[in-house]
Each structure stands twice: as structure tokens, then as C-alpha cells.
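K.L.:
First the structure, which I've put down as C-alpha cells, then a few questions once you've had a look.
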Amino acid sequence: MTFDGRLLSNVSVLAAIVEGGSFARAADSLGLSPSGVSRAVTRLESRIGVRLLERTTRSVMLTKEGRGRHVIRFRIPGVQHARK
């Protein structure tokens with residue numbers, strides 16, 4: 001399996017959204033546009049096959065699946081072999 005740096009970057013975007021509480025704050029902290037942040041999350045969700053965020057016009061929250069550590073640990077290829 002090859003390393004996909006974009007996948008890791010998309011996980012970083014997800015972390016910035018969770019930490020900042022919004023796509024706009026994540027975009028500011030990462031130096032991206034809000035639409036770039038949205039595209040990164042959409043790519044990540046598509047790649048791992050799980051919806052990670054519930055989005056409304058006023059808020060963003062992790063889904064139950066997004067809160068589960070298993071999403072990152074078991075659904076991203078190669079991560080299940082990483083040491084804790």
C-alpha cells in the first residue's frame with residue numbers, strides 16, 4: 001500500500017474543524033478557503049465511507065461515527081497497524 005499524504009491532510013482539516021467549531025474558523029487557521037475545507041472533509045468521508053460531520057447553516061457536529069475512534073483507526077488503510 002502506498003502512503004496517501006492527502007488523506008492525512010484531510011484528517012488534519014477535520015481536526016481543525018472540531019477544534020475550531022466551524023468550517024470558517026478551520027479555514028482561517030489552516031489558510032484555506034471555507035470551500036476548500038468543505039471539499040477536504042467530503043473527500044475524507046468518501047474515502048473512508050462514513051459521514052463524519054452533521055452540517056447545518058448554523059452549526060457543525062461530529063456524528064456518532066465521527067466521534068468513534070474506530071473510524072480513524074480501522075477505516076483508514078494502514079492505520080490499524082500503527083502503534084498506540
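K.L.:
Return the Rg/Rh value of the stretch 5-75, two decimal places, where both radii are evaluated on C-alpha atoms and Rh is the Kirkwood radius.
P.N.:
Numbers: Rg = 11.1 Å, Rh = 12.0 Å.
The Rg/Rh ratio comes out at 0.93.
K.L.:
So how do S33, S22 line up by other beta-carbon neighbours within 10 Å, fewest first?
P.N.:
S33, S22
K.L.:
How many nm is it between the label spots at S46 and A24, if each spot is 7 Å from the Cα in line with the beta carbon?
P.N.:
2.7 nm
K.L.:
Still on this model: Using a basic spin-label model with each label point 7 Å from the Cα along Cα→Cβ, how many nm lie between E54 and L8?
P.N.:
Label-label distance for E54 and L8, simple model: 3.3 nm.
None of the figures in this text is laboratory data; all of them are computed from the coordinates on show. On a predicted model such as this, the values are computed, not experimentally measured, just so you know. All Cβ positions, even for glycine, are placed from backbone atoms using ideal geometry, and neighbour counts span all protein chains on display.
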